[in-house]
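Written below as structure tokens is the structure these notes are about.
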Amino acid sequence: MLCSAIAVLAHTAAADELAVPSSLARDQPADFVYRFDEALSGRGSLRIEWSDVVGRVVERRRIPLNLSDSREVVFPLDMRRAVTAGNRVIAHLSVDGMNETGGNGRRESEAAASFIVPPPDHAWSDYQIIMWQGQTPAGYAALKQLGVTAGMIPANNRGQTSGFETSLDPLIRADLRCYLENMATDFYSPYHKWYDNREVNWRFLEAKQRYHANPGDHAAFIREPSLSDPEWLEKIHDRLVRNVRALHPYRPLYYSLGDEAGIADLAAFWDFDLSDTSLAGMREWLRGQYQSLAALNRQWGTAFSRWDEIVPITTDEALRRSNENFSAWADFKEWMDVAFARAIESGSDAVHEADPGAVSAIEGAQIPGWGGYDYSRLASSVDAMEIYAYGENIPIALSVNPGLILLTTSFGSGPAERHRIWRELLRGTRGLVLWDPNGEFVGNDGALGERGRAAAPYFAEIRRGLGALLINSDRPTLPIGILYSPASRRLQWLLERRASTEEWSRRTASTEYKDDAIRASTRQFARALEHMGVRHGYISSHQLQRGELRNGNYRILLLPHAIALAEREAAEVREFVARGGVVIADSEPGVFDEHGRRLAKPALSDLLPAAPSRSGASFTFGQGKAVYLTSANGYDRQNIRRLSRILDRAGVKPPFAVLRTDGQPASDVETRIFNNGELTILSLQRDHRPPSNSDDRETVVLAMPRMFNVYDLREQRVLGSIDRLELELDAIDPVLLTLSERPIAPPSIDGTRRAHPGEVVEFHIGSNSPAAHGVIHLDVIDPDGSTTDYYSRNLLTSGSLTTYTLPLAFSDKIGTWKLRATDLPSGQTVTAELQVDP
């Protein structure tokens, strides 16, 4: 198999062997060794032929030999000539001479080996499209043409590293990359994991049944395995290191620690984990949270005499509390978020120990809330997340960790799915996982299915440089932040359960996706801002306490139902307003402290007295303002106007106005701005409201603050030097515009004009774009007019010149080749010719 990269795959009858170097680098030569089964003397030759999985004869040469009692021949291969990961070399030996036993005659023998040339680094500087389900060779070939870049290979969660070859080999033969799935699902997702033919969450259902049979049986609240169990942590560490080292030559896009991981079942609420190891970890963590046991007792209202006596209260006990001090419950829930994030980080550390350049990931990341999904902790515990986009988790995670690699999953098709994939790209995702259990993308025979045909146009657009351009551009925020307060979310959940007749233990993971006051308020604030063209950031409670408002040049802070605030948070908000900032709340903030104890007086009562019934009531404090905006409904035009006036008075204005033809703001268009050097990239996308389709069009007017040279990225058209532009927007696809202060000249190509098969040809591609990190899409077209995908690519530019190396194969066609370079910021192209002579 091709994927047995380091091993010799074929031997001659005489047992000669061809040894592959233990490690290969794409940009360096490597020494291969042809070993004889006995010492040889004489004259002859070694004929070498190197081929790859796309059928290229990469190199072909004859090496003269003059042997004297020799046991091997060393010959170099230049890895710069590789364009695929999968490669094979055949060496044919022909010698006239004498062997070590004194026999004379001609020796003819042959050995072959397959080897892997590691794929290029920096995969996540471009958009990746991954197929989860395995495919036939014809299916993978069709997906490659569609723009799919990788497939999934399953890990053996028992820690064995054998068996990868079966899954890897068809991917390598199709010249597709891979990622490793579910390395430790038994640890990170034990309550949402397929076991034989049982329901995926059967272990969680059993825990619930145990509780319902006897609510006093706390064994139902013991997680198995505990996230804090040192033996399990060590076992998982060793397993991850073995898996990563085994796959290192293939450079997987990422290593998935677990799919749909969680403290319990996905985002479901449960009173995990009361195991001894969890409680020991909690007690140690509490020592860091409280200066003394006496301080904890004061906060909790308890009388523990030793740290090892401390136990939290259960949800049943919290619901029965009459004094509204829920600290012993809320601190435990926070501890479980800490334990989950620490366990994930421990897995990431193991991945990096085995390969410092590897990407650790979790998949199926959930809505902010239960299950360990406190993104203020989780977003920095891993390198990548495949995330289910709910509850503003994408912008929250990127606000906490801007370098986080985010992917989303495609489960469906049609206009709504196309709209969503574009929107998530514009929001900051860098890839897409395709879930296709019914073969709707491609059949076993390689024929495109309905989903494949529908996705082909926009997959091609995104993969031909648009995705790379957006990924490598900055996404600036205006000086406005929304508080992300996990403590408020915990307390809000408990208060709503106290006010409800619903039994908390009957709730499921899907139940936890329903709106509550905080989620609704956060979403409505965010929607209103996005439709005004104001990109905001999120500020977590931890960031707020560390001085983010002082360090981030903010002018406005929004508090969506922020019912729990730490004393330090309240002080930071108070100082922010006193310096001239504006704080907006939709309800009285800080009625609880961060531990969950109701305060005698709300933490910000000096800024915001008891919430009035009138929306828009404001209060002066120092040089700033505190404003109540009750119900900042993103669809309520009156509230949008109120919010717009507040922003305007604070000097926070959208850089670009998107108007209806009657001059009123377009209320159904999201505007997003990207900066790239001296360029501005602007996206406009309408809301998708079924049954919308591409024929549902709306005319809007884009008003710019000054004259710009404007280019339509998707249509690759120059629109001229203008400060006002009338656009037709359909209900699905975005319009993408590049704005430049000066005209952008077309790119240029300089290099050799004649070459022969087997030569490595170098070209210098010039970009006249003022982008700091531009993208040039290069198409290499053979003499028959066909684009050669393995030579074509997206080139990242960080200066005026980019070097492109074309390693012509011995099997490449004779005739006139063309190189067509498209400068993505402007869409302009240039073509050069290369004459390949026999």
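Inside segment 286-326, can you point out the residues that are buried (at least 17 other Cβ atoms within 10 Å of the Cβ), hydrophobic (A, V, I, L, M, F, W, C) and over 27 Å from R203 (Cα atoms)?
Matches in segment 286-326: L286, L293, L296, W300, I310, F326.
So which of R672, R689 ends up being modelled with pLDDT under 90 and either of a type in the set (K, R) or over 21 Å from D733 (Cα atoms) (or both)?
Just a single option satisfies the conditions, and that option is R689.
Mind checking which residues of segment 724-762 are under 24 Å from A82 (Cβ atoms) and in contact with a His (Cβ under 7 Å, 6 or more places away or on another chain)?
G751
Does at least one position in segment 259-278 carry a residue that is farther than 30 Å from F326 by Cβ and among the aliphatic types (A, V, I, L, M)?
No.
What residue, among those in segment 570-609 that are hydrophobic (A, V, I, L, M, F, W, C) and more than 22 Å from T620 (Cβ to Cβ), is surrounded by the most Cβ atoms within 10 Å (Cβ to Cβ)?
Per the stated criteria, the residue is F592.
Quick test for you: out of V54, V33, V73, pick the one residue that is modelled with pLDDT of 95 or more, in a loop (DSSP other than H, G, I, E, B) and open to solvent by 10 Å² or more (accessible area, probe 1.4 Å).
V54
Residues in segment 359-373: is at least one farther than 15 Å from A487 by Cβ, without any contact (Cβ under 8 Å) to a residue 40 or more places away in the chain and of a type in the set (D, E, K, R)?
no
Between A350, A330, which is touching a residue at least 24 places away in the same chain (Cβ under 8 Å) and farther than 24 Å from P154 by Cβ?
Exactly one residue qualifies, and that residue is A330.
Please work out which residue is surrounded by the fewest Cβ atoms within 10 Å (Cβ to Cβ), limiting yourself to segment 777-798 and to residues that are among the hydroxyl-bearing types (S, T, Y) and outside any loop (DSSP other than H, G, I, E, B).
T787
Test each condition in (1) under 30 Å from L247 (Cβ atoms); (2) polar (S, T, N, Q); (3) open to solvent by 70 Å² or more (accessible area, probe 1.4 Å) for N66 and report the one that comes out false.
For N66, the failing item is (1).
Since G449 meets every condition but one in (1) at pLDDT 95 or above; (2) open to solvent by 10 Å² or more (accessible area, probe 1.4 Å); (3) touching a helix residue (DSSP H, G or I) at 6+ places or on another chain (Cβ under 8 Å), which condition does it not meet?
(3)
Would you list the helices (runs of 4 or more DSSP H) that sit entirely within segment 355-431 and hold 2 or more residues that are in contact with a Leu (Cβ under 7 Å, 6 or more places away or on another chain)?
Correct list: 393-400, 415-427.
S683: among the small types (G, A, S) and assigned to a loop (DSSP other than H, G, I, E, B), yes or no?
In short, no.
Of the residues R430, R423, which is more than 10 Å from the chain's Cα centre (by Cα), charged (D, E, K, R) and closer than 20 Å to I732 by Cα?
Every option except R423 fails the conditions.
Taking segment 340-361 on its own, how many of its residues are within 23 Å of W493 (Cβ to Cβ) and out of contact with any helix residue (DSSP H, G or I) (no Cβ under 6 Å at 6 or more places or on another chain)?
4
With the structure loaded, tell me whether V95 is open to solvent by less than 70 Å² (accessible area, probe 1.4 Å) and within 30 Å of Y140 (Cα to Cα) or whether it fails that test.
no
Can you tell me which residue among V583, V577 is at pLDDT 95 or above, farther than 23 Å from D331 by Cα, in a helix (DSSP H, G or I) and of a type in the set (A, V, I, L, M)?
The conditions single out V577.
Please work out if S811 is touching a Leu at 6+ places or on another chain (Cβ under 7 Å), among the polar types (S, T, N, Q) and either within 19 Å of S740 (Cβ to Cβ) or open to solvent by 10 Å² or more (accessible area, probe 1.4 Å) (or both).
No: the conditions fail for S811.
Go through (1) part of a helix (DSSP H, G or I); (2) farther than 21 Å from R519 by Cβ; (3) touching an Asp or Glu at 6+ places or on another chain (Cβ under 9 Å) one by one and return the number of the condition E440 breaks.
Condition (1) is where E440 drops out.
Taking L558, is it modelled with pLDDT under 95, under 27 Å from G391 (Cα atoms), in contact with a strand residue (DSSP E or B) (Cβ under 6 Å, 6 or more places away or on another chain) and not hydroxyl-bearing (S, T, Y)?
no
Which of the residues that make up segment 750-772 are open to solvent by 20 Å² or more (accessible area, probe 1.4 Å) and part of a strand (DSSP E or B)?
Correct list: D750, G751, R754, V760, E762, H764.
Name the single residue that is farthest from P118 (Cα to Cα) among those in segment 255-264 being open to solvent by less than 10 Å² (accessible area, probe 1.4 Å) and part of a loop (DSSP other than H, G, I, E, B).
Going through the qualifying residues, I end up with G262.
Determine whether L719 is touching a Leu at 6+ places or on another chain (Cβ under 9 Å), farther than 20 Å from E670 by Cβ and outside any loop (DSSP other than H, G, I, E, B).
Judged against the criteria, L719 is a match.
Which pairs do you get when a residue that is in contact (Cβ under 8 Å) with a residue 60 or more places away in the chain, found in segment 55-80, comes within reach of a residue that is open to solvent by less than 100 Å² (accessible area, probe 1.4 Å) and part of a helix (DSSP H, G or I), reach meaning Cβ atoms under 8 angstrom, with the pair 6+ apart or on two chains?
Within 8 Å, the pairs are V58/R81; E59/R81.
The values are calculated or read from the model by the stated rules, or taken from the named source; none is laboratory data. This is a predicted model, so every value here is computed, not measured. So basically every Cβ, Gly included, is an ideal-geometry build from the backbone, and we count neighbours across all protein chains shown. Just the protein is used for accessible areas: all its heavy atoms, side chains included, with ligands, DNA and RNA removed. Shrake-Rupley method; radii C 1.70, N 1.55, O 1.52, S 1.80 Å.
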